[in-house]
1. For the range 68-334, what is the percent of antiparallel DSSP beta bridges, rounded to the nearest 5?
2. So how strong a dipole does the range 199-346 carry about its Cα centre when Lys and Arg Cβ are +1 and Asp and Glu Cβ are -1, to the nearest 20 debye?
3. Using modelled amide H (1.01 Å from N, peptide plane; none on Pro or chain starts), what sits under 5 Å from the amide H of LEU107, excluding residues fewer than 5 places away?
4. Zone of LEU255 (label point 7 Å along Cα→Cβ, backbone N under 17 Å): which residues in the range 167-207?
5. Relative to the present Cα-Cα distance, how much length would full extension add between TYR308 and TRP221 at 0.36 nm per residue of separation?
6. In nm, to one decimal, how far is the HIS333 label point from the ARG317 one, both placed 7 Å along Cα→Cβ?
Amino acid sequence: MLALQCRHFYFLGVLLFGLSLTMVMTFRSTNINGGVVVVDSGQNQTSNRTNPNQTSTTSQPSSQQLVEGQVSYPWIGDPTCQHFPVQYRMCVGLQFAKNKTRPKWALTSFPGSGVTWTRQLIEGATGIYTGTVYGPDEPNILDGNHHGNQADTDCGCTILIKDHGYPETYPFVGTAGPYQNRGILLIRNPFDALFTFVHFLWSGNDQKGTVSPDLLTGPEWEDHFAYVSKEWAEHAIRWIHNIRNGTVVFYELLLRDTEAELNRLLRAVNLSIDPVDPERMRCTLQHKNRTDRKRSVKPRIPLTPEQYSKMLGSIKRVQDSLRNKGWPLLPLHLYNLHNGDDEESL
C-alpha cells in the first residue's frame, strides 16, 4: 500500500514539473520586454502596386519573430562608419525603436518619388528602422540584412511607415485615418515620377529595372499617363488636407541640400534625438549616393502638348493646396520641366 502511494506521488511530481516547465518556456517566448516581438499571424496579402491610392491591408508574415539581435549595418566596408547599427536606446546601429514607444507615422509619396532612397537617409541618420504597409514581400531598401519591412505596422517600433495610399478611404474620408493625422509627405516633380513609376511597373516591379522607350506608346501608355497625371495631384492634395502633425519634404531639395532637408524632416516627426549624432549624419551624407536601389539610366519619351499641359495643371493644383495650407511650396526652380527624350538617373 505504501509503495502504491509513493508511486502516485512520483507521477504527480513529474506531471507538475512538466507543467511548470511548459509555462516557463511559454513566458520566455512571448516576453516582449525581453526582446522578442511576435508579428501578427495571418495570410499574406499582395499589395496593389499599380493602384497605390488604396489603403493597404497587408498582413505580416505568420509566426515570424523580430528579435532584438536583428540589426543592420548599412555601411559595411567603411572603417569609419561600419560600426553604426541601432539599439533600442540609440546606442549603436540600425534596429527597432523600443516596442510601443513610437506613434504611427506615415511616410507617404506617389510611387516613383524616391521613397526608398529617403528611407535609406532616415535610417542612416537616426538608426531606427522605417517600416512599410506592403510587408516583407517588398524588396529590402538596401543590399544585405534589413529587417524594417518585416515589422508589423502597429508595433510602435519604426520611425515612419511607407504608404503610397490615401490617408483614409471610404466610408472614413475626412477622419484622422490610421495615422491620426501624422505624416511626412514626400513630393517629386511629376514628370520624373511618371517615368520612374512606369519603368518599375513594366519591368515587373524591379526597383532597378527599365523598359525600352519603344514600349512607351499606345493605349497602355496613354492609360498610365492619365492615371499618373491625375493621381499624383490627388494623392498629394488628400495628404496635405489630412496631415496636422508633420510636413512636406521635396525630393529635389533632398538631392540639393540633403542635410538641411533631412533635418527638417526629422524635426517634424518629433524625434527625441535632437540633434542627430553628427557622426551618423556624416556617414549618411557620405554614402547617400549608393547605387544598390538606383537605376543607372531611365529612358524617356516626349509627351504630347496635351499631356504636357495636363501635367502642368496638376502641378498648379498641388501648389495651390500647399499655399492654402501655409506649407513650403514646390521648388519649381529645381524642376526640369522637360519634354524631351533624354535619359536621367533615378
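Computed from the coordinates by the stated procedures, all read-outs in this text should not be read as laboratory data. Just so it is clear, the model here is predicted, and its values are computed rather than measured. Glycine also receives a Cβ, built like all others from the backbone with ideal geometry; neighbour counts cover every protein chain displayed.
1. Beta bridges within the range 68-334, antiparallel portion: roughly 5 percent.
2. In debye, rounded to 20, the range 199-346 gives about 600.
3. HN-HN under 5 Å from LEU107: ILE161, LYS162, ASP163, ILE184.
4. Flagged as within label range: 186-200.
5. 29.9 nm
6. That separation, rounded to one decimal, is 2.8 nm.
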